[in-house]
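The values are calculated or read from the model by the stated rules, or taken from the named source; none is laboratory data. Please read these numbers as outputs of a predicted model, since none were measured by experiment. With ideal geometry, Cβ positions are generated from the backbone for all residues, glycine too; neighbour counts draw on all protein chains shown.
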Amino acid sequence: MESRQVETNNTQRFTNSTTEQQTRLGLGDMYVLCLLFKCVSLSIDSEFPADERKQKDREEREALVLWKKPVQTLYYFTLELLITLESWISRLWQQRQTVFGLLILLILFILAYRIEGTHQKYVRYMEKKTLWCAYWVGLGILSSVGLGTGLHTFLLYLGPHIASVTLAAYECGSVDFPEPPYPDQIVCPTQEAAGSISLWTIISKVRLEACMWGAGTAIGELPPYFMARAARLSGADPDDEDYQKFEELLDQAESEQDFATRAKLAVQKLIQKVGFFGILACASIPNPLFDLAGITCGHFLVPFWTFFGATLIGKAVIKMHIQKLFVIITFSKHIVEQMVSLIGAVPALGAALQKPFREYLEAQKAKLHHHTGEGIPTEENWLSWLFEKLVVIMVCFFVCSIVNSMAQSFAKRRQQEKLSGGKTE
């Protein structure tokens with residue numbers, strides 16, 4: 001009896017231990033399976049929908065504009081503006097020694113500007129030239145930012161300025177306009193001009209402002225260059241629409257390319273293979289294919305001075321002389337008269353269309369010949385009124401685009417923070 005009871009107890013213990021081991025193994029297997037399922041689900045969530053998530057985020061950002069979500073757009077714009085100001089203040093604080101030195105120089109310049117003396121005529125001359133150059137450099141930067149979506153200041157400011165100088169030069173027979181009021185206002189000199197005006201004389205008169213504007217457009221190419229260069233060196237995906245379009249352009253099969261795509265790729269290959277002279281050639285010719293030059297040179301790690309030097313020479317020297325020559329020839333006296341005559345030859349509407357153009361030209365000529373103390377003709381022509389309103393509309397559109405862009409930058413910042421927070425969890 002005792003031996004059977006012992007065997008029974010041993011059998012029961014063995015059965016219980018086996019059951020416990022099976023239970024432990026079952027729980028362990030379930031835990032491992034749960035871990036594997038979680039890892040697989042995380043990998044699926046992080047890898048497969050990545051492109052879809054980026055596309056969805058991009059669509060949400062693109063919908064953040066003033067005419068769709070004005071309150072949210074202005075709110076995000078304000079927050080992004082504060083973040084940008086904080087970032088710049090932090091950078092200035094890190095370079096406080098340099099900033100302190102610049103402040104000392106600024107104080108010395110202010111003292112030289114305020115103290116009376118024989119040096120004042122040189123100070124006034126430098127002030128005038130510095131402000132004039134800064135004005136045109138700023139307009140050039142505004143024209144170049146945004147890869148062609150910026151404010152087209154050549155058509156709105158520099159082109160009309162060159163045209164005004166050209167018309168005045170042919171009317172006055174000279175470019176020695178009294179200063180002041182030039183350049184704010186063009187008035188013919190009192191003395192009679194000796195001989196006819198030459199094309200080179202007009203080019204020389206507007207050379208400074210044209211070159212400064214071209215230098216500004218070259219400076220505007222730097223942000224995409226630095227962005228693409230940093231992305232290539234770090235290997236990170238900047239999630240920039242223009243940069244992603246550039247990469248898609250490089251990966252696109254040759255059979256799927258249209259003419260415009262092939263032309264852009266030809267420019268990029270020229271820049272990549274030829275280097276300085278390739279960039280110089282592309283920057284010197286007015287063409288829309290140079291819009292991606294900064295991204296191209298940054299992506300292919302072109303040295304900074306190779307890129308910027310060629311772009312500066314091409315845009316500020318060669319290209320600007322081509323554009324100046326075109327505007328000056330177009331608005332020369334005989335061509336303008338021929339254009340007005342051609343407008344009058346339009347059937348039925350010719351006379352009605354020709355009248356405002358002739359009135360506008362006569363009014364401009366009258367303004368050129370008025371002298372100090374005489375009344376300036378103030379009769380407004382509908383052409384000048386229309387051009388002024390066009391300038392106002394384009395400037396307002398540009399300001400709205402800046403607000404939208406900064407608001408979308410803040411939205412992108414929040415999306416990236418949300419994504420990084422989800423990964424850490």
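Yes/no per residue for (1) part of a helix (DSSP H, G or I); (2) among the β-branched types (Val, Ile, Thr); (3) under 27 Å from the mean Cα position of the chain (by Cα); (4) modelled with pLDDT under 70:
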{"residue": "Ser174", "(1), (2), (3), (4)": "no, no, no, no"}
{"residue": "Tyr182", "(1), (2), (3), (4)": "no, no, no, no"}
{"residue": "Ile186", "(1), (2), (3), (4)": "no, yes, no, no"}
{"residue": "Ile203", "(1), (2), (3), (4)": "yes, yes, no, no"}
{"residue": "Leu280", "(1), (2), (3), (4)": "yes, no, yes, no"}
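Name the residues in region 180-227 that are closer than 17 Å to Ile162 by Cα and loosely packed, with under 13 Cβ neighbours inside 10 Å, would you?
Hits for region 180-227 are Pro181, Asp184, Ser198, Trp200, Ser204.
Could you list, ordered by first residue, the pairs with Cβ atoms under 7 Å in which the first is in region 406-419 and under 17 Å from Val65 (Cβ atoms) and touching a residue at least 60 places away in the same chain (Cβ under 8 Å) and the second is among the β-branched types (Val, Ile, Thr) and part of a helix (DSSP H, G or I), at least 6 apart or interchain?
Close Cβ pairs satisfying both conditions: Ala407/Thr73.
Tell me, which residue of region 319-339 that is surrounded by fewer than 16 Cβ atoms within 10 Å (Cβ to Cβ) and of a type in the set (Val, Ile, Thr) is nearest to Gln268 (Cα to Cα)? So that I can check it myself, show each step before the final result.
Of the residues in region 319-339, the ones surrounded by fewer than 16 Cβ atoms within 10 Å (Cβ to Cβ) are 322, 325-326, 329-330, 333-335, 337-339.
Then drop every residue that is not of a type in the set (Val, Ile, Thr), which leaves 322, 329-330, 335.
On the way: Ile322: 23, Ile329: 32, Thr330: 32, Ile335: 38 Å.
Once the filter is applied, the top-ranked residue is Ile322.
Condition test on Ser384, is it assigned to a helix (DSSP H, G or I) and at pLDDT below 70?
Judged against the criteria, Ser384 is a match.
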